Amino acid sequence: AVDRFGVESGASPLGYTVPDAPRGFTVLEGVGPSNSHGIKLGYELSWDWPKDMEIAGFNLYHATEHLNTFEHPDHYDAFWPLWTKLNDEPLTKSEFAFSMSEGNSTDHYFFVRAVNILGQEGFFTDILSPTDGQFRPAQP
C-alpha cells in the first residue's frame with residue numbers, strides 16, 4: 001500500500017487458498033483391466049471439477065485397510081501411514097484406472113485431493129471403497 005505522501009508500506013503476509021474437495025467421487029466396481037480369463041483386476045475411479053477453476057491437478061490416495069479413529073483415538077497416528085499416493089505428479093484428468101494383481105482379495109480405499117498451482121493440496125473427498133460396505137459409493 002502507498003499512503004497519500006507516496007510512502008510505501010512493508011510487504012503484506014502471503015495469502016493463499018487451498019482448493020475445495022473434488023465433487024462426485026465414484027469408484028465403479030467390476031470394471032477396469034481384465035486378466036486373460038476375463039476377470040476384472042481393477043476399478044475405474046472418477047470425480048468432477050469445475051472447468052473454470054484452474055488447478056495443477058489431483059492427487060489420488062489408496063489404502064488396503066481402514067482404522068476407525070473415532071472408536072480408537074490412539075490409532076489416529078497409525079491412520080495416515082496406511083495411505084499411499086498413487087501418482088508422482090498431479091493427475092490432469094479427473095479419472096483413473098486402478099489396477100491390481102491377480103488374486104488380490106484385500107479391501108481397497110480411495111480419496112482424492114485437488115492440487116493448486118503452488119502445489120498445495122486442498123480438502124479431501126470422502127473415503128470410498130468398492131470392497132467395504134461402510135464406504136461404498138452411492139449408486140445412481
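Does any residue of segment 88-101 turn out to be at pLDDT 95 or above, assigned to a loop (DSSP other than H, G, I, E, B), open to solvent by 50 Å² or more (accessible area, probe 1.4 Å) and among the polar types (S, T, N, Q)?
Checking segment 88-101: at least one residue is at pLDDT 95 or above, assigned to a loop (DSSP other than H, G, I, E, B), open to solvent by 50 Å² or more (accessible area, probe 1.4 Å) and among the polar types (S, T, N, Q).
For segment 102-114, which residues satisfy the criterion of being modelled with pLDDT of 95 or more and open to solvent by 40 Å² or more (accessible area, probe 1.4 Å)?
Across segment 102-114, the qualifying residue is only R113.
The values are calculated or read from the model by the stated rules, or taken from the named source; none is laboratory data. Note that the coordinates shown come from a computational prediction; the quantities given were computed from them, not determined experimentally. Please note that ligands, DNA and RNA were not included when accessible areas were found on the heavy atoms of the full protein model with its side chains. Shrake-Rupley method; radii C 1.70, N 1.55, O 1.52, S 1.80 Å.
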